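Everything on this sheet refers to the single structure shown next.
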Amino acid sequence: MKDESLRIKNKYLMAWVILTISIFYCIFKFGFPLIWMNIMGKGHLLPTPGTLMGWYMIMVTVCVLVYVSISDYKLKYCFSMLVPDKSDTAATSILRIVFLTAFPLFVGWFTFSCGSSSIASPTELRIQHPTLPGKFESLSNPFRKESEEKQLYYVEEGKILYQQHCRPCHGSKADGEGPWSNTFRLKPANFRDPGTIGTIVENYPVWRIKEGGPGLPAAATPWDSTMPPWAPDFTQDQIWKIIMGEYVTADVSPREPEVLHE
């Protein structure tokens, strides 16, 4: 009687395995992009990277197989659905036919899609330095008006703040090689590169530090920055000090703002 109840309980185990893997696939493929779109406040989906998608599905499949193989009884009845039996019900027969038909079709489609040539969509260029919002245009560094000795003191304070909060991503040398840098799809900016902070005026980083990736306009896509908004963590003075320390650490100077002559 016990064996019979277990057999009935595990009769459709193979179907539950397929359904579980399919549900997780839909979550990773369609659910996560929607969730991250709302978290980041973007107007477009943020798709799960293909490599990450592969690792997720491998982990789900391994977990399911561990559950199925936890006992010989489960393993036996999981695959018994594929073998005709006198005690089969109509539902079991239909599930068997559907699986034995769909699985070869899926393998064929997967093989064809991997081996066939595809048409790549045109490359969408990203604006590296979007236009500075108007509310930041009139800002100026108040510490630049101090004596050279005081400025050096503020730079040292900024270096400390930079190393405490920015080093994990941007690196101790501001070269974008921090210990977390390789974990992001878009690597943190290399400030030593002449094409980064050396080409912008000093009030531009104030915007980027305060609002981070979520504050970027649509023109900054498709490579969205993962930098968090630091406005809740730093005062305006601390941000200016970080910027001063950042430029000195990277061994570059900010671009001087243009002066319009009549």
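The values are calculated or read from the model by the stated rules, or taken from the named source; none is laboratory data. Keep in mind the model is a prediction, meaning the values are calculated, not measured. Cβ atoms come from the backbone with ideal geometry, glycine included; neighbour counts cover every protein chain shown.
Please determine, by comparing only the residues of segment 40-67 that are small (Gly, Ala, Ser) and part of a helix (DSSP H, G or I), which one is modelled with the highest pLDDT.
That would be Gly54.
Output the number of the condition that Ser253 fails; it satisfies all remaining conditions of (1) surrounded by fewer than 14 Cβ atoms within 10 Å (Cβ to Cβ); (2) closer than 30 Å to Leu45 by Cβ.
Single failed check for Ser253: (2).
Out of curiosity, is Lys187 basic (Lys, Arg), surrounded by 13 or more Cβ atoms within 10 Å (Cβ to Cβ), within 30 Å of Gly50 (Cβ to Cβ) and in contact with a helix residue (DSSP H, G or I) (Cβ under 8 Å, 6 or more places away or on another chain)?
yes
Can you tell me how many residues within segment 11-38 are part of a helix (DSSP H, G or I) and touching a residue at least 12 places away in the same chain (Cβ under 8 Å)?
Taking segment 11-38 as the starting set, the residues that turn out to be part of a helix (DSSP H, G or I) are 13-38.
Add one more test, that the residue is touching a residue at least 12 places away in the same chain (Cβ under 8 Å), and what stays is 13-15, 17-18, 20-21, 24-25, 28-29, 32-33.
Of the residues in segment 11-38, 13 are part of a helix (DSSP H, G or I) and touching a residue at least 12 places away in the same chain (Cβ under 8 Å).
Taking interchain pairs and intrachain pairs at least six residues apart, which have beta carbon atoms under 6 angstrom, with the first residue in segment 161-188 and under 16 Å from Asp251 (Cα atoms) and the second modelled with pLDDT of 85 or more and hydrophobic (A, V, I, L, M, F, W, C)?
Tyr162/Ile242; Ala174/Phe191; Ala174/Ala250; Gly176/Ala189
Does Lys74 satisfy the condition of being surrounded by 14 or more Cβ atoms within 10 Å (Cβ to Cβ), among the basic types (Lys, Arg) and either over 28 Å from the mean Cα position of the chain (by Cα) or modelled with pLDDT of 70 or more (or both)?
Considered against the rule, which asks whether it is surrounded by 14 or more Cβ atoms within 10 Å (Cβ to Cβ), among the basic types (Lys, Arg) and either over 28 Å from the mean Cα position of the chain (by Cα) or modelled with pLDDT of 70 or more (or both), Lys74 comes out as yes.
Restricting attention to segment 128-146, does a residue exist that is modelled with pLDDT under 70 and under 30 Å from Arg208 (Cβ atoms)? Break it down into steps so the answer makes sense when it comes.
First, the residues of segment 128-146 that are modelled with pLDDT under 70: none.
Within segment 128-146, not a single residue is modelled with pLDDT under 70 and under 30 Å from Arg208 (Cβ atoms).
Looking at segment 39-55, which of the residues that are without any contact (Cβ under 8 Å) to a residue 40 or more places away in the chain and surrounded by 14 or more Cβ atoms within 10 Å (Cβ to Cβ) is farthest from the chain's Cα centre (by Cα)?
Met53
Taking the condition surrounded by 15 or more Cβ atoms within 10 Å (Cβ to Cβ), part of a helix (DSSP H, G or I) and not charged (D, E, K, R), does Trp230 pass?
So Trp230 does not fit the description; no.
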